[in-house]
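Only one structure is covered here, and it is reproduced in the block below.
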Amino acid sequence: MLEIKNITKRFGTFEAVKDVSLAVPSGAFLVLLGPSGCGKTTLLRMLAGLENPSAGQLVFDGQTVSDGDRNWSVDPAKRNSGLVFQSYALWPHMSVRGNVEWPLKVGQMSRAERDARVAEVLELLDIHQLANRYPNEISGGQQQRVAIARTIAPRPGVLLFDEPLSNLDAKLRVEMRTELMRLHRATGATTVYVTHDQIEAMTMATHVAVMNHGRLQQFGTPNELLDRPETSFVATFVGTPPNNMIPVVKNGSGYKIGAKHMPLHPPAEVQDCLAMFRAEALHVRSEESATSLPMELVEMSAIAGRTMVTALADGLRLTAIVDDPPQVRIGETVHMELPPEPACWFGLDGARLH
């Protein structure tokens with residue numbers, strides 16, 4: 001349904017998006033995930049037609065809608081897509097019903113069809129009781145529902161969301177995630193959703209595209225990203241808590257982590273590298289062992305019936321998930337014990353080695 005082919009976007013000499021390619025099937029829920037400034041919103045704006053690519057093509061359902069190489073784009077109104085803004089962008093002088101009805105009027109739908117469709121989407125979003133109110137008379141969560149209702153009313157084939165939940169409080173964000181997933185199932189529209197919140201991404205998406213510095217780091221299902229991260233950035237950005245990434249330095253015939261020699265065996269072709277350890281594989285000890293690191297305990301918190309323990313030493317931050325919390329206070333020393341081998345290895349450039 002949606003193909004992104006070698007898309008690049010330049011602003012002067014700065015490349016905000018760099019040679020991104022991916023494709024998702026009809027009905028997918030694609031999340032563009034990454035930190036602020038990684039290029040995800042610029043990519044979404046190109047999909048919406050608000051920005052034109054500098055190179056590459058965008059294809060909706062077999063039809064090219066933007067071609068940066070030939071410098072042309074289909075008008076945003078003719079792309080069969082709808083965009084939900086972060087700021088809601090509701091018309092303040094129109095009622096809830098008027099806001100939802102407006103794109104149907106622009107599309108020259110008959111009055112009877114408009115009335116039926118507006119009633120349908122207001123019911124779907126559970127805001128039918130607000131139909132005659134104005135935006136300043138309803139809450140932020142209700143305004144967001146109105147913005148979504150207005151977007152889906154014309155039945156677009158592609159739905160685009162630009163961090164739509166970032167203005168909501170934590171409880172309402174969780175509720176709205178559930179509502180958006182229900183809405184996605186009800187409409188069947190291919191959805192592209194931008195966020196920097198990896199919990200949103202991993203709970204909502206059928207496909208995730210992780211971006212950093214304008215480049216696509218990895219594209220796949222949530223489970224694929226968790227089970228086999230292809231770069232050190234993905235390994236430390238995705239997951240709760242994130243994986244531990246530890247620099248390993250060649251020292252004579254062995255390897256060191258910090259100042260301590262460790263019985264580790266990186267791939268033979270590398271010298272210095274990065275070892276990834278999953279949080280649930282680490283143990284917290286009260287005494288030192290051959291495979292432990294003395295560190296300062298900086299944080300403990302309960303998580304799903306277990307305890308998340310975080311410790312710090314010489315700029316290295318490690319997190320473990322344990323059944324029994326250590327009987328020490330914050331600021332005291334714990335020994336973070338590593339398993340015999342890491343989950344995988346990465347080069348210093350961030351590429352996966354093994």
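Of note:
- Among residues of region 18-47, those that are in contact with a helix residue (DSSP H, G or I) (Cβ under 6 Å, 6 or more places away or on another chain) and either of a type in the set (A, V, I, L, M, F, W, C) or not assigned by TED's automatic domain parsing to the domain that holds residue 195 (or both), counted: 4
- Filtering 71, 80 for residues that are at positive phi and in contact with a strand residue (DSSP E or B) (Cβ under 8 Å, 6 or more places away or on another chain) leaves a single hit, 80.
- Against the test of being at negative phi, at pLDDT below 95 and within 18 Å of the chain's Cα centre (by Cα), the options 24, 20 yield a single qualifying residue, 24.
- Cross-chain or 6+ apart pairs with Cβ under 7 Å, region 69-96 first and without any contact (Cβ under 8 Å) to a residue 60 or more places away in the chain and in the same structural domain as residue 27 (by TED's automatic domain parsing), then aliphatic (A, V, I, L, M) and part of a loop (DSSP other than H, G, I, E, B): 76/50; 95/131; 96/127; 96/131
- Test: residue in region 84-91 that is modelled with pLDDT under 95 and in contact with a Lys or Arg (Cβ under 8 Å, 6 or more places away or on another chain): yes
- For residue 6, the conditions (1) farther than 23 Å from residue 180 by Cα; (2) of a type in the set (S, T, N, Q); (3) surrounded by 21 or more Cβ atoms within 10 Å (Cβ to Cβ) all hold with the exception of (3).
- Region 26-49 - residue that is in a loop (DSSP other than H, G, I, E, B) and touching a strand residue (DSSP E or B) at 6+ places or on another chain (Cβ under 8 Å) and, of those, surrounded by the most Cβ atoms within 10 Å (Cβ to Cβ): 34
- Spans of helices (runs of 4 or more DSSP H) in region 98-195 with at least 2 residues under 23 Å from residue 4 (Cβ atoms): 140-152, 170-187
- Conditions (1) under 17 Å from residue 159 (Cα atoms); (2) at pLDDT below 95: number failed by residue 72: (1)
The values are calculated or read from the model by the stated rules, or taken from the named source; none is laboratory data. Keep in mind that what you see is a predicted model, and the values were worked out from it rather than measured. We place every Cβ from the backbone using ideal geometry, glycine too, and count neighbours over all the protein chains shown.
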